[in-house]
Amino acid sequence: MSKKTTIIGGGIGGLVTALLLSKDEERDITIFEKEPHLGGRLTFMKHGEYKIDQGPTIVLLPDMLLEILEEGGMERSRFPLLSCDPLYDVHFKDGHSYTKYSDPSKQKEELATKFPGQEKGFDQFLTDMKTRFLQGKAQFLEQSFVEKRSFFSGKNLRTLIRLRAYQNVKRMMRRYFSDERLVEAYSLQTLYIGGHPQQSPAMYSLVSYSEHEHGIWYLQGGYAHLVDLIVEELERRNVKIHTDTAVEKVEVVKGRAEAVVIDGKTIEADEIVLNGDFPLMDRLVPKEYRQNRKYVPSSGCLLLYMGVDKVYEHNTIHQFFLSSDFDQHMRQVFESKELPGDPSFYTFHPSIIDDSLAPKGKGVLYTLIPVPAGEEVDWSHKDELIEHVIDQMESRGFPDLRNQINWMKVRTPEQAKQEGLYQGGSFGIAPTLFQSGVFRPQLKPYPIDQLYAVGASVHPGGGVPIVMQGAKLLANHLQYGASQGHNYKRGVN
Ligand SMILES: Cc1cc2nc3c(=O)[nH]c(=O)nc-3n(C[C@H](O)[C@H](O)[C@H](O)COP(=O)(O)OP(=O)(O)OC[C@H]3O[C@@H](n4cnc5c(N)ncnc54)[C@H](O)[C@@H]3O)c2cc1C
């Protein structure tokens, strides 16, 4: 008899789990998605003939991404990835700019011109991170910690020490660069997963290394086009997909998940996967199993999406504009939870390489301002903040921008929260030490048989390729794990 797998949520974690499992034709897979669209955070913002990614824009770890899709039975050639090189520009408030490249010799030329004397530190950074990346990937990204004690093996603990898990990213970068501007340019990547550069363990500095080593890529048509390609394949394989369908609860009988409830109707399943943002999935399980754990949310984003009457051809696709006091902005986001007055921000202008997103000659532009997540934020100065950022964009990279904007949409953490992101944080729970590795929810998060989880708030964490890696760990577990004799006891997980 075929096995019935039910997936709650059609985010990238749920979709890739379905892709990997549906290679087995015997499995009967159903996805229930509460929104009218699939992809969750990986979706488009549309306006007339314009469209732009609403969430993820930076494609990292292309090999990890393509390998997983290939393992799911989709050929690499179906995913039109274009290299972004230069990777991006970082603009400092003092008027200096620094360009990052994939090619280390080009990078060293850039350093010799802009930051003479820092080239040796950069070489050391690449050398140290190369081995750390391979160790970290093998021991933390490619392993799940369903059995907690496997995390505390001597080998893992030695790797954690080598990765300096006890140190934060910013401090670690000070070992390589003495110019604080470079320290910032190599620590701001923790914001890609909603973490404070001074509170995220140093292993997350592998993200800035990976940009140089594996590059930054762009999926032709936008990152969210990945969802269209995967869904097309799932439909071809007869995976059942129901949008506009919220799951209300998971029924558990004698410690085993047996059904989901939708509109008061019970739908039986042999295994159930939670893909909604994990802390909020707690309310779907019976009271006696709930964790009621208070997690620290990742940072939120104030997002501006614009249609513009021209393409800023001479810019790089991705740009970072740092404020005069980066640390103060971070304190406002992560500690005092205030709306920043003078924030650092990121811009994405894909029209430079993709003319399919806007009418001919016109473009789309996206601006992301890190802001606090959570309820206690006073948003009364939001409009001033937006005006300030547009002023900054005009004077530092997008001349005459105001006159070029023909439409603009704004998205706040409040909307993200309403759509199901924990406390409005954009990236799942924050990547702090005690919410990473074994301390993050695992693929079998409850002492409930046949109930699993995947997504940004679940190990190994957030970011599209990493969530896909989580889906791979889960699919392997569902296909082979149980037969390997894992024994889950209540309270152990
Ligand atoms: C602004 C922003 C920028 C980002 N930038 C990048 C980037 O540049 N690069 C990158 O790699 N990553 C980026 N990310 C992170 C990336 O988007 C996420 O890590 C990833 O998309 C999360 O996938 P997920 O599987 O956790 O699913 P989610 O996207 O969280 O989707 C979960 C789905 O479950 C559904 N759901 C929830 N509850 C129920 C229910 N009860 N019943 C049915 N359905 C339910 C939700 O509606 C949703 O569709 C960014 C995120 C944001 C928000």
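Every Cα-Cα pair of the chain was included, and the share exceeding 30 Å stands at 46 percent. Between Q198 and S77, the distance separating the two model label sites (each 7 Å from Cα on the Cα→Cβ line) works out to 5.2 nm. Going through the cross-link list K287/K472; K51/K310; K3/K34, which pairs have a Cα-Cα distance over 19 Å in this structure? Violating the 19 Å limit, Cα to Cα: K287/K472; K3/K34. Estimated at 0.36 nm per residue, the fully extended path between K249 and K3 surpasses their Cα-Cα distance by 86.5 nm. For the chain, the membrane-span-like helices by this rule, meaning whole DSSP H stretches whose C-alpha atoms cover at least 20 Å of axis and whose Kyte-Doolittle mean is -1.0 or above, are 119-136, 382-396; this says nothing about an actual membrane.
A straight Cα-to-Cα reach below 15 Å connects K294 with the aspartates and glutamates D277, D282, E375, residues fewer than 8 places away in its own chain not being considered. Going from the residue with the fewest nearby Cβ atoms within 10 Å to the one with the most, C84, C301 rank C84, C301. Can you tell which of A259, I216, P197 lies farthest toward the positive end of the dipole of the range 195-332, using +1 and -1 charges on the Cβ of basic and acidic side chains (Lys, Arg; Asp, Glu)? Value computed over the given set: A259.
Remark: the chain carries a charge dipole of roughly 1780 debye about the Cα centre, counting +1 on each Lys and Arg Cβ and -1 on each Asp and Glu Cβ.
Based on alpha-carbon atoms, the Kirkwood radius and the radius of gyration of the range 115-214 give Rg/Rh equal to 0.99. Pop the C-beta distance of H314 and Y480 into the FRET formula with R0 = 51 Å and round what comes out to the nearest 0.05. Step by step, r from the Cβ atoms, then E = 0.50.
Per residue of the chain, the DSSP helices (runs of n ≥ 4 H) give a summed -39500 (n - 2.57) that works out to -8500 deg cm²/dmol at 222 nm. Just how far, in whole angstrom, is the range 192-225 from the range 111-153 if you go by their alpha carbon centroids? The distance from the Cα centre of the range 111-153 to that of the range 192-225 comes to 13 Å. Counted by neighbouring Cβ atoms within 10 Å, the residues I52, I7, I317 run from fewest to most as I317, I52, I7. Annotation: the residues V364, V458, sorted from fewest to most other C-beta atoms within 10 Å of their own C-beta, follow the order V364, V458. Rounded to the nearest 20 debye, the dipole size of the range 299-426 about its Cα centre is 460 debye, using +1 on the Cβ of Lys and Arg and -1 on the Cβ of Asp and Glu.
Taking 0.36 nm per residue of separation and subtracting the Cα-Cα distance, full extension of the segment from Q328 to E384 would add 18.3 nm. A straight chain from R293 to S97 at 0.36 nm per residue would run longer than the Cα-Cα distance by 66.3 nm. This model, with +1 at the C-beta of Lys and Arg and -1 at the C-beta of Asp and Glu, gives the range 115-214 a dipole about its Cα centre of some 520 debye.
Only the coordinates and a few stated rules stand behind these numbers; no lab work does. Keep in mind the model is a prediction, meaning the values are calculated, not measured. Backbone-built Cβ (ideal geometry, glycine too); neighbour counts: all protein chains shown.
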